[in-house]
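Please read the structure below before turning to the comments.
The values are calculated or read from the model by the stated rules, or taken from the named source; none is laboratory data. Small disclaimer: the values here were computed from a predicted structure and weren't measured. Reconstructed Cβ throughout: ideal geometry from the backbone, glycine too, with neighbour counts over all protein chains shown.
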Amino acid sequence: MVQGQLPKIARTGAYLLILWLGYLVAGRLLAVYNVPPVLWLGTFLATLHLAWAGTGAIAVGMVWVLVLIWIAALGYAMPVHIQSLDGRPWAISIFLLWARGIILVLMLAFAHRFLEPWNLRRTDTFWLLVGLVWSALGLGGLIYH
């Protein structure tokens with residue numbers, strides 16, 4: 001093994017593992033909130049675009065996170081769902097979901113730059129990221145059910 005290769009492998013592995021775990025939790029949260037299939041599809045399409053365009057798709061990814069959070073806020077703003085809850089924990093949980101979504105969008109968008117030292121073709125990087133993210137989202141959804 002070439003000198004200095006091991007730290008590069010460790011950094012890449014750690015980054016991809018954290019990305020995978022983040023999307024695993026995201027898949028579980030989508031299942032916990034029982035989102036309809038159209039929102040799952042939108043999430044898959046947003047991650048597909050992020051995996052291909054990288055940082056050029058950050059705006060699209062952030063808008064999609066806002067759409068998901070907006071729908072979650074509308075769904076739980078009904079008095080039936082929050083009768084026994086104080087509004088603060090609910091608002092904090094919505095904020096934390098938003099923050100987690102933004103972090104995942106940024107991590108996926110910057111994964112391209114992080115993988116550049118490996119000299120992968122753009123299509124190889126794309127399929128690596130799509131496989132990583134979609135497997136995590138799918139497994140996260142399955143874990144809940």
If you check 30, 45, 24, 19, which single one turns out to be modelled with pLDDT under 95 and under 12 Å from the mean Cα position of the chain (by Cα)?
-> 30
Can you run down the residue pairs with Cβ atoms below 9 Å, 6 or more apart or on separate chains, where the first is in region 21-34 and farther than 16 Å from residue 73 by Cα and the partner is polar (S, T, N, Q) and assigned to a helix (DSSP H, G or I)?
-> 23/47; 23/135; 24/135; 26/43; 27/43
State yes or no: is residue 63 closer than 21 Å to residue 17 by Cα and modelled with pLDDT of 95 or more?
-> no
What is the residue count in region 87-145 for residues that are under 20 Å from residue 25 (Cα atoms) and in a helix (DSSP H, G or I)?
-> 40
Being surrounded by 17 or more Cβ atoms within 10 Å (Cβ to Cβ) and among the β-branched types (Val, Ile, Thr) is the filter; apply it to region 100-129 and report the residue that is modelled with the lowest pLDDT.
-> 125
Among the residues of region 6-47, how many are under 13 Å from residue 144 (Cβ atoms) and part of a helix (DSSP H, G or I)?
-> 10
Output the qualifying pairs, or none if there are none: Cβ atoms under 7 angstrom, residues six or more apart or on different chains, first residue in region 127-141 and under 16 Å from residue 53 (Cβ atoms), second residue of a type outside the set (Gly, Ala, Ser) and surrounded by 15 or more Cβ atoms within 10 Å (Cβ to Cβ).
-> 129/108; 130/48; 133/23; 133/47; 133/108
Enumeration of residues in region 33-42 that are modelled with pLDDT under 95 and either aliphatic (A, V, I, L, M) or buried (at least 18 other Cβ atoms within 10 Å of the Cβ) (or both) = 35, 38, 39
Can you tell me which residue among 97, 132 is closer than 30 Å to residue 5 by Cβ and either buried (at least 17 other Cβ atoms within 10 Å of the Cβ) or not small (Gly, Ala, Ser) (or both)?
-> 132
